[in-house]
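**Student:** This is the structure, below, for whatever I ask next.
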Amino acid sequence: MILHLRVPKYHCRGCRRSFRHPFDGIRPRYRASEAYRLEVYEAHDGGVTQRKLSKTHLVSAATVERWYQHHLGGRRSEMANRACPRVLGIDEHFFTRKMGYATTFVDLRNRKVFDVKLGRSEPSLRRYLKRLQGRDKVQVVVMDLSETYRSIARNYFPGATIVADRFHVVRLINQHLLKVWQQHDTEGRKNRGLISLMRRHQWNLSEEQHANLMHYLAAYPVLQQLYLAKQRLVRLMLLKTVTAKRARKKLPWLTELLDQLRDSPLRALARTLTRWLEPIVAMWRFSKSNGITEGFHNKMEMISRRAYGFRNFENYRLRVLTHCGWDGIINRVRMDARPPLMG
């Protein structure tokens, strides 16, 4: 039930100030109760447009935006002094053509977005990272094969172990193999069926598919050997939650395979993996990856599409933190206001 009240507005001749009749439940200088403002916030956060809310709740679109920003600002002030998560995921995503890319910091242990900052270079993130509380207690930093982010992790998270993201490593291996394939057989590289077979793991192919692929590769002996080496390499990349003793046994296999690739057309891949050998070996010990971060990037893209793009990055950041960073103000209020269960 919504109750609309019309009250007189008073003017004091002595102090020349205007005021209205006070009501219980409505804060001073406010024209709506906190429950009503909260209802408008919840509806707008759920996807109801400002235009529709202005008709159903008899408030202007600017008022809806102001109430929405008020609740977000309150939650942001509560989260201002948060400590940096122990397991941190770092990745970039595209924001706008004018402003470029933004960096996403994700709490991989709790599966929530910790923060989003504009820029992806060390100078653009320096001021934010220096003021980040608890960055010396970060234990693990998961990232793709980016030299910029690795330099940031070494400088601002000195006690953290850098872990390479498994998805990006496997994708890099496939990209290099497809590039070499383009050099050996241009026409075969355009066959979508062969592309699908070359990208997939060997153990996921049926006997018929594997036989067809081997029949095609028999005409290109060098490409066939590279394909087999790629399969062995991918098997090593997919290892996770490996004990330290087993990792020490697997490491000579990986280094020997990289030495063989240095004398092959995949020498560029071998050099890249050698530079990232320590983060790749650390990848064996952990099960966390940036797949959680990539999932949040898909959700961020949908948020931007629903808003038809953002001009102000802070507005975009608040929306992302609302939908990806916490469980929501409304859910917490509902839980606090829920009556006790009756027997």
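Readers should treat all values here as calculations from the given coordinates under stated rules, not as data from a laboratory. Fair warning: this is a prediction, and the values are worked out from it, not measured in the lab. Here Cβ is always computed from backbone atoms with ideal geometry, including for glycine, and neighbour counts include all displayed protein chains.
**Student:** Which order do the peptides 123-133, 158-168 come out in when sorted by mean C-beta neighbours inside 10 angstrom, highest first?
**Tutor:** 158-168, 123-133
**Student:** Restricting to bridges with both residues inside the range 88-207, how much of the DSSP beta-bridge set is antiparallel, in percent to the nearest 5?
**Tutor:** For the range 88-207, the DSSP antiparallel bridge percentage is about 70.
**Student:** Send over the per residue convex hull volume for the range 9-78, Cα only, as a whole number of Å³.
**Tutor:** 122
**Student:** Okay, moving on. If I model a spin label at R200 and F23 as a point 7 Å from the Cα along the Cα→Cβ vector, what separation in nanometres do I get?
**Tutor:** Computed distance between label sites R200 and F23 equals 6.6 nm.
**Student:** How large is the dipole of the range 55-156 about the Cα centre if only Lys and Arg carry +1 and Asp and Glu carry -1, each at its Cβ, rounded to the nearest 20 debye?
**Tutor:** For this selection, approximately 240 debye.
**Student:** Extension gain N298-Q69, at 0.36 nm per residue separation less the Cα-Cα distance, in nm?
**Tutor:** Additional length available on full extension: 80.1 nm.
**Student:** Can you tell me the length gained on complete extension of the stretch M99 to E34, counting 0.36 nm per residue apart and subtracting the Cα distance?
**Tutor:** 19.8 nm
**Student:** May I ask you to list the lysines whose Cα is less than 26 Å away from that of K117, ignoring any residue fewer than eight positions away on the same chain?
**Tutor:** Within reach: K98, K130, K137, K288, K299.
**Student:** Summing Lys, Arg as +1 and Asp, Glu as -1, what charge do residues with Cβ under 15 Å from the Cβ of R248 carry, R248 excluded?
**Tutor:** +3
**Student:** Helix 291-306 versus the longest principal axis of the chain: what is the Cα-based angle in degrees, 0 to 90, to the nearest 10?
**Tutor:** In the chain, helix 291-306 runs at an angle near 50 degrees to the longest axis.
**Student:** I'd like the FRET efficiency for K249 and Q139, computed as 1/(1 + (r/R0)^6) with the beta carbon distance as r and R0 of 30 Å, rounded to 0.05.
**Tutor:** That gives a FRET efficiency of 0.75.
**Student:** Looking at (1) 21.9; (2) 28.4; (3) 29.3, which value of mean projected area of the Cα convex hull in nm² comes from a calculation on the structure shown?
**Tutor:** Of the listed options (1) 21.9; (2) 28.4; (3) 29.3, (2) comes from this structure.
**Student:** Also, quick follow-up: Under a GNM of the chain (C-alpha, springs under 10 Å), which listed residue has the highest mean-square fluctuation: T63, T186, T255?
**Tutor:** T186
**Student:** Continuing with the same structure: Hey, any idea what Rg/Rh is for the range 166-285, computing Rh the Kirkwood way over Cα pairs?
**Tutor:** Here Rg/Rh amounts to 0.98.
**Student:** For the chain, what proportion of DSSP beta bridges, expressed in % and rounded to the nearest 5, is antiparallel?
**Tutor:** Around 70 percent antiparallel, to the nearest 5.
**Student:** Restricting to lysines 8 or more places apart or on different chains, can you count the pairs in the range 166-285 with Cα atoms under 17 Å from each other?
**Tutor:** 5
**Student:** While we're looking at this one, here's another question. Magnitude of the Cβ-charge dipole of the chain, K/R +1 and D/E -1, about the Cα centre, nearest 20 debye?
**Tutor:** The dipole magnitude comes to about 1420 debye.
**Student:** I've got another one for you. Could you state the angle between the C-alpha long axis of helix 166-184 and the longest principal axis of the C-alpha atoms of the chain, as a value from 0 to 90 degrees rounded to the nearest 10?
**Tutor:** 50
**Student:** Would you mind getting me the FRET efficiency between K240 and M214? Use the beta-carbon distance for r and R0 = 35 Å, nearest 0.05.
**Tutor:** Computed FRET efficiency for K240 and M214 comes out at 0.75.
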